[in-house]
Every structure is written in structure tokens, then in C-alpha cells.
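These notes concern the structure reproduced below.
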Amino acid sequence: MKIHEYQAKAILAQYNVPVPRGEVAFNVQEAQAAAERIGGSVVVKAQIHAGGRGKGGGVKVAKNAVQAAEFARRILGMTLVTHQTGPEGRVVKRLLIEETLPIERELYLGIVLDRVQGKPVFMASAAGGMEIEEVAAKTPELILKEALDPGLGLQPYQARKLAFGIGIPAASVSAAAAAMTALAKACLATDASLAEINPFILTKEGKVYALDAKITFDDNALYRHKDLAELRDINEEDPLEVEASKYGLNYIKLDGSVACMVNGAGLAMATMDIVKYAGGSPANFLDVGGGASAEQVKNAFRILLSDKNVKAVLINVFGGILRCDRLANGVVEAARELNITVPIVVRMEGTNVELGRKILLDSGFNFTVGEDMRDAAEKVVRLAAQ
């Protein structure tokens with residue numbers, strides 16, 4: 001689950017990460033009032049779940065509260081397009097009004113899970129203000145890393161090593177190390193899968209601040225953090241993905257024409273691959289899970305067909321917990337209730353596979369049954385192109 005910058009900064013502040021003074025605003029009046037309370041020059045920042053907001057015109061520096069109100073009027077309601085939103089962009093519905101700071105240097109701090117080491121890894125770089133992926137691709141030597149041992153977090157010697165390593169002056173090392181330690185505590189305590197400060201700035205007075213912040217939480221741990229779950233902004237998520245989550249379905253919308261319904265994430269990835277191999281393009285990732293009911297299958301169909309780009313549906317299921325006959329009954333029921341008109345190709349193996357195929361063939365609907373994954377993929381791609 002992603003959250004907004006102002007929400008991330010509020011969480012970091014609870015763990016003593018230094019953040020600029022700022023307030024969230026939902027309209028022009030609130031933006032002007034916040035700017036007046038902060039005083040002087042302020043930054044007006046669009047709040048969407050995407051980076052690159054400044055390049056898209058979503059970040060403006062105002063000299064005073066009056067100018068802040070003018071910028072707020074321009075930004076609120078605009079469709080902000082960045083490299084992370086895609087061409088459709090995101091509508092700005094809230095702003096962060098924040099004090100300006102005298103920046104001396106821009107640095108980078110971030111924590112992600114390293115699947116090779118099986119540990120969270122703290123990253124620091126002197127190349128702040130840039131996309132960390134770009135830094136990693138062009139100048140990987142600029143990224144310093146320290147693994148975090150479970151239960152220990154970032155140790156003082158690791159924090160000092162990172163601070164000196166990215167060129168923090170000796171007089172500011174203690175403050176930088178304290179901010180790094182606090183970031184690590186916040187990340188581990190909230191079960192975050194990503195905690196990033198970019199840029200982490202050093203001011204002309206030698207102070208450090210999180211000038212931007214991004215936190216992504218592990219959905220599987222949100223049951224332990226009811227307060228964090230309330231920070232979810234469904235306006236920033238794809239409506240079909242939000243709808244799927246209501247029924248326990250794992251759905252991610254893509255931009256192809258072949259809808260994929262599978263049971264199991266690994267099978268979903270393999271299905272998308274083989275659709276591409278057959279010359280098609282997947283319209284989604286949808287995993288109904290191991291024990292899907294007929295009702296879940298029906299809801300999955302409804303969500304798949306809500307995407308106007310879908311020209312055909314491929315159902316690829318291994319019948320274990322979800323028996324093939326149960327799947328077939330769900331498919332037939334969905335076709336009957338939803339008046340499905342797009343071609344449907346089914347490939348199934350496993351428990352009660354012959355019974356499942358018989359149910360499909362005797363249903364009266366024009367289902368196409370694939371003999372194996374490759375045959376099913378080729379058939380659905382061909383039908384989608386018609």
C-alpha cells in the first residue's frame with residue numbers, strides 16, 4: 001500500500017526524522033491559510049502517488065501566501081502527468097504546503113528488501129534528487145549499502161559509515177546518523193517494504209532534513225497496523241484493482257487485450273509470458289487463489305470484462321484445492337449471468353479435469369478448450385485478433 005508524501009513525513013516525524021514544517025491542504029483557502037501560518041516563502045507540492053511531480057508542473061515555490069493560493073488554484077484539479085503515472089496522469093486532489101529551506105546538498109537515503117541476502121538493506125548515495133534507478137544503472141559505485149540484521153536495525157557504526165561515505169561534513173555526521181537510524185526504526189516498525197528519502201538534504205547551516213519521503217507498506221502486515229491502513233487513498237489506485245481487493249482477488253491492470261484468469265502467482269506470470277510468446281499482449285494479472293468459489297470466479301469475470309480493451313479471456317488453472325469442476329461451474333454461471341460475448345479459452349489440469357471439461361462443453365456456450373498452455377495461448381491470441 002502506498003501513501004502520500006505528507007503522510008510519510010508525519011510517520012517519519014514520529015520516529016524523530018527531521019522534516020520541514022508543512023500542512024496538507026484540500027482547497028485554495030486551506031492552502032493560503034497554511035502558507036500564512038508557516039510564513040515567508042513556501043513550497044506548494046501536488047500530492048499524488050508518483051514521482052517526477054516537479055517536472056510535470058506539480059511543485060511550485062511561492063514567495064508568500066497570496067502566491068501560494070494562486071499556485072494552489074492552478075495545481076488542484078489538474079491532471080498531472082509524470083513518468084510514473086503514464087500518459088493518463090493523476091488528478092491532484094490535495095497539496096502539501098511546506099516551508100522552504102536553504103539547500104546546500106541533496107543526498108539519497110532508502111531501505112528496501114534485498115531478496116538475495118534475505119534482509120532489509122539501507123542504501124545511501126551522494127547523488128540525491130535523481131532517480132535511484134538511474135544512479136544504479138550509470139554510477140552504481142555511488143550507492144553505499146548496509147544490511148540490517150533482524151531485531152537490531154541500523155547500528156550506530158553503520159550509520160556513521162554511511163554518513164561519512166556520502167560526504168556529510170564531520171560537524172553534521174551525528175545529526176545525519178541519527179536521522180538514518182530513525183528512518184530504519186520507522187521502516188521496520190511499520191512493516192514497510194520501501195522507505196525512501198529523496199532528497200535527504202544538508203542545509204547551509206549544517207542541518208539535515210527529509211525534503212521528500214516515500215513509504216510503501218507490506219499489504220500482508222496491515223492487519224497489525226489498523227492506523228496505517230486508514231491512510232489508504234483509493235482515489236490514487238486503479239478502480240478495478242480496488243474492486244478486486246474487495247473480493248480477495250489479486251488483480252493488476254495492464255494494457256493488452258487478452259485477459260488472464262489463473263490460480264497462483266507463478267502460474268499467472270507464466271501465463272502472461274506465454275501469451276506474449278504467442279504474439280499477444282496480456283490485459284491484466286488476475287490470481288483467484290487456490291480455493292476460489294464460484295462467486296469469486298464470477299466476480300473475477302465481471303472485473304476482467306470491465307476493461308474495455310479486453311478482446312478475449314484465457315483461463316489457465318491447475319486444479320488442486322480449486323477443483324476443475326468447481327472452476328467450470330463458476331465459469332458457466334458467470335457466462336450465464338453476465339451475458340459474456342467475448343471468446344473464452346480454458347486450459348485446465350489437475351483434480352476432476354475431465355469432469356470440468358465436460359461441464360464446459362455441455363454448457364451450451366462457445367468455450368474453447370486448450371490442450372495445453374501453448375495451445376491455449378495460441379488460440380486466445382488468434383481469437384483476440386479477430
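The values are calculated or read from the model by the stated rules, or taken from the named source; none is laboratory data. This structure is a prediction, so every number in the text was calculated from the model and none was measured. No Cβ is skipped: glycine too gets one built from the backbone with ideal geometry, and neighbour counts run over all protein chains shown.
Scanning segment 306-344 for residues that are more than 14 Å from Leu360 (Cβ to Cβ), hydrophobic (A, V, I, L, M, F, W, C) and at pLDDT below 85 yields Phe318, Ile321, Leu322, Leu338.
Scanning segment 189-222 for residues that are buried (at least 19 other Cβ atoms within 10 Å of the Cβ), among the aliphatic types (A, V, I, L, M) and in contact with a Leu (Cβ under 8 Å, 6 or more places away or on another chain) gives Ala195, Ile197, Ile201, Leu202, Val208, Ala210, Leu211, Ala213, Ile215. Of the residues making up segment 371-385, those that are more than 22 Å from Arg336 (Cβ to Cβ) and either touching a helix residue (DSSP H, G or I) at 6+ places or on another chain (Cβ under 8 Å) or without any contact (Cβ under 8 Å) to a residue 60 or more places away in the chain (or both) are Glu371, Asp372, Met373, Arg374, Asp375, Ala377, Lys379, Val381, Arg382. Out of all the residues in segment 249-258, is one or more touching a helix residue (DSSP H, G or I) at 6+ places or on another chain (Cβ under 8 Å), aliphatic (A, V, I, L, M), crowded, with 16+ Cβ neighbours inside 10 Å and assigned to a helix (DSSP H, G or I)? The answer is no; no qualifying residue exists.
Among the criteria (1) in the same structural domain as Leu113 (by TED's automatic domain parsing); (2) among the small types (Gly, Ala, Ser); (3) out of contact with any Phe, Trp or Tyr (no Cβ under 9 Å at 6 or more places or on another chain), the one Ala270 does not fulfil is (1). Determine whether Leu95 is out of contact with any Pro (no Cβ under 8 Å at 6 or more places or on another chain), hydrophobic (A, V, I, L, M, F, W, C), in the same structural domain as Leu148 (by TED's automatic domain parsing) and surrounded by 19 or more Cβ atoms within 10 Å (Cβ to Cβ). Spelling it out, it is not the case that Leu95 is out of contact with any Pro (no Cβ under 8 Å at 6 or more places or on another chain), hydrophobic (A, V, I, L, M, F, W, C), in the same structural domain as Leu148 (by TED's automatic domain parsing) and surrounded by 19 or more Cβ atoms within 10 Å (Cβ to Cβ). Every condition in (1) surrounded by fewer than 20 Cβ atoms within 10 Å (Cβ to Cβ); (2) touching a Ser or Thr at 6+ places or on another chain (Cβ under 8 Å); (3) on the phi < 0 side of the Ramachandran plot holds for Arg90 except the one numbered (1). Residue count for segment 40-66 under the criterion of being among the charged types (D, E, K, R) and crowded, with 22+ Cβ neighbours inside 10 Å: the result is 2. Restrict the check to segment 81-102 and report whether at least one residue is without any contact (Cβ under 8 Å) to a residue 24 or more places away in the chain, of a type in the set (Asp, Glu) and not in a helix (DSSP H, G or I). Looking for residues that are without any contact (Cβ under 8 Å) to a residue 24 or more places away in the chain, of a type in the set (Asp, Glu) and not in a helix (DSSP H, G or I), one finds at least one in segment 81-102, hence yes. Can Lys45 be described as in a strand (DSSP E or B) and out of contact with any helix residue (DSSP H, G or I) (no Cβ under 6 Å at 6 or more places or on another chain)? The answer is yes for Lys45. Only one of the numbered conditions (1) surrounded by fewer than 21 Cβ atoms within 10 Å (Cβ to Cβ); (2) in a strand (DSSP E or B); (3) not basic (Lys, Arg) is violated by Gln296, and that is (2).
Looking only at residues in segment 200-254 that are assigned by TED's automatic domain parsing to the domain that holds Tyr6 and of a type in the set (Phe, Trp, Tyr), which one is modelled with the lowest pLDDT? Ranking the candidates gives Tyr223 first. Looking only at residues in segment 224-248 that are over 17 Å from Arg302 (Cα atoms) and among the basic types (Lys, Arg), the one that is surrounded by the fewest Cβ atoms within 10 Å (Cβ to Cβ) is Lys226.
Here's the yes/no breakdown for (1) closer than 15 Å to Thr368 by Cα; (2) under 27 Å from the mean Cα position of the chain (by Cα); (3) touching a residue at least 60 places away in the same chain (Cβ under 8 Å):
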site	(1), (2), (3)
Gly248	no, yes, no
Lys276	no, yes, no
Leu314	yes, yes, yes
Phe318	no, no, no
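Looking at Gly280, Gly356, Gly364, which one is buried (at least 22 other Cβ atoms within 10 Å of the Cβ), over 23 Å from the mean Cα position of the chain (by Cα) and either in a loop (DSSP other than H, G, I, E, B) or not small (Gly, Ala, Ser) (or both)? Result: Gly280 is the single residue among Gly280, Gly356, Gly364 that is buried (at least 22 other Cβ atoms within 10 Å of the Cβ), over 23 Å from the mean Cα position of the chain (by Cα) and either in a loop (DSSP other than H, G, I, E, B) or not small (Gly, Ala, Ser) (or both). State all residues of segment 177-202 that are in contact with a Phe, Trp or Tyr (Cβ under 7 Å, 6 or more places away or on another chain) and of a type outside the set (A, V, I, L, M, F, W, C); if no residue qualifies, say none. Answer for segment 177-202, where residues must be in contact with a Phe, Trp or Tyr (Cβ under 7 Å, 6 or more places away or on another chain) and of a type outside the set (A, V, I, L, M, F, W, C): Lys185, Thr190, Asp191, Ser193, Asn198, Pro199.
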